[in-house]
Amino acid sequence: MDDVARTPHYLIDPRKFRDPAITADGEPRAHVRLQRLETLWFCTGTLCNLECRNCYIESSPSNDSLVYLTAGEVGAYLDEIERERLGTRSIGLTGGEPFMNPDILAILEDALGRGFDVLVLTNAMKPMMKCADGLLSLRRQFGDRLTVRVSIDHYDEAVHEEERGPKSWAPTVKGLHWLTSNGFHVDIAGRLFSGETEAQMRAGYRGLFRREHIELDANDPARVVLFPEMDETIDVPEITEACWAKTGTSPDAMMCASSRMVIKRKGADHPVVVPCTLLPYDPQFELSRTLVGSFTDVALNHPHCAKFCVLGGASCGG
């Protein structure tokens, strides 16, 4: 795979994704209503030890536009879940690199201690390994209620490093070995940017796991989650209300029908709630300071809504 293969053939029509109510063709835009808050995500901050070539949230060692959430700020939202009896079952932690957040172990312990299932996303490199003792303690206390999702963008070292940078492969594989050898519940996040089919990708991961003696089932979509690639410059169709019947999908199956994410912008006095993990920057998707206040319809007014969720059939929860 080379740079030419990833160059957009079409730039997005500038008339699209302008009006939250109406598409460029004058059709009613599709909306999604929150049915239940099954999963609450927290963006622990956009700082990361890597700077990937196409990171949807633009994480890097210098990007602190979304700042670290504190254990107290996270705890306040967990309190709201309990106080309002929202029935949330799982907590997701994403970044940036969550293990760079100085409160990450306290956040994990609080969420797990309240009975939530917790999913934490990581590149499994040095920041995670600095938390090794704390993670082992959490594993002993809470077992498989803690899932660690390791980002391995492609099963081939060269392709993975083309995206994530040189010398990013070996530390990630080493971290993956540490997790699996210590009995953590692990899954893998890959990306469909190489032009291969899903079957080819799963065969590639199967070969990787075999070579590395890692016991993960590459055919299980819950253990190897393959995400469609996102590029805001590539043209995608807008999603109208009529699209649900045409695509055979349901608004209730969209991520924003069952999830929300908490972020904190640099310089802000407090965190805010956005619909999902994919839209942390666009101010039109800033819903509320509270979870209950975020229980509003979400207009699918962004290319990611179309490509990732409706047409890609993906969800960050797996």
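The values are calculated or read from the model by the stated rules, or taken from the named source; none is laboratory data. The structure displayed is predicted, hence computed values, not measured ones. Reconstructed Cβ throughout: ideal geometry from the backbone, glycine too, with neighbour counts over all protein chains shown.
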For this session: Filter the range 111-169 down to the residues that are within 30 Å of PHE193 (Cα to Cα) and aromatic (Phe, Trp, Tyr), then identify the one that is surrounded by the most Cβ atoms within 10 Å (Cβ to Cβ).
Result: TYR155
Exercise. If we scan the range 227-248, do we find a residue that is at pLDDT below 90 and of a type in the set (Ser, Thr, Tyr)?
Worked result: yes
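Hey, can you tell me all the residues within the range 227-268 that are of a type in the set (S, T, N, Q), part of a loop (DSSP other than H, G, I, E, B) and surrounded by 19 or more Cβ atoms within 10 Å (Cβ to Cβ)? Break it down stepwise before answering.
Of the range 227-268, the ones of a type in the set (S, T, N, Q) are 233, 240, 247, 249-250, 258-259.
Add one more test, that the residue is part of a loop (DSSP other than H, G, I, E, B), and what stays is 233, 249-250, 258.
If the condition is that a residue be of a type in the set (S, T, N, Q), part of a loop (DSSP other than H, G, I, E, B) and surrounded by 19 or more Cβ atoms within 10 Å (Cβ to Cβ), then SER258 is the only one that fits.
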For this session: Name every residue in the range 115-133 that is touching a helix residue (DSSP H, G or I) at 6+ places or on another chain (Cβ under 6 Å), more than 25 Å from GLU51 (Cβ to Cβ) and not hydrophobic (A, V, I, L, M, F, W, C), in order of residue number.
Result: ASP117
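Name the single residue that is nearest to THR240 (Cα to Cα) among those in the range 11-31 being loosely packed, with under 11 Cβ neighbours inside 10 Å and out of contact with any strand residue (DSSP E or B) (no Cβ under 9 Å at 6 or more places or on another chain). Before the answer, list the steps.
Residues of the range 11-31 that are loosely packed, with under 11 Cβ neighbours inside 10 Å, as a first pass: 11, 14, 21, 25-26.
Checking which are out of contact with any strand residue (DSSP E or B) (no Cβ under 9 Å at 6 or more places or on another chain) leaves us with 14, 26.
On the way: PRO14: 17, GLY26: 10 Å.
Among them, the one singled out is GLY26.
Among residues belonging to the range 132-160 that are of a type in the set (Gly, Ala, Ser) and closer than 21 Å to ARG223 by Cβ, point out the one that is nearest to the chain's Cα centre (by Cα).
Of the range 132-160, the ones of a type in the set (Gly, Ala, Ser) are 132, 134, 137, 143, 151, 158.
So of that shortlist, the ones also closer than 21 Å to ARG223 by Cβ come out as 143, 151.
Values: GLY143: 22, SER151: 10 Å.
It comes out as SER151.
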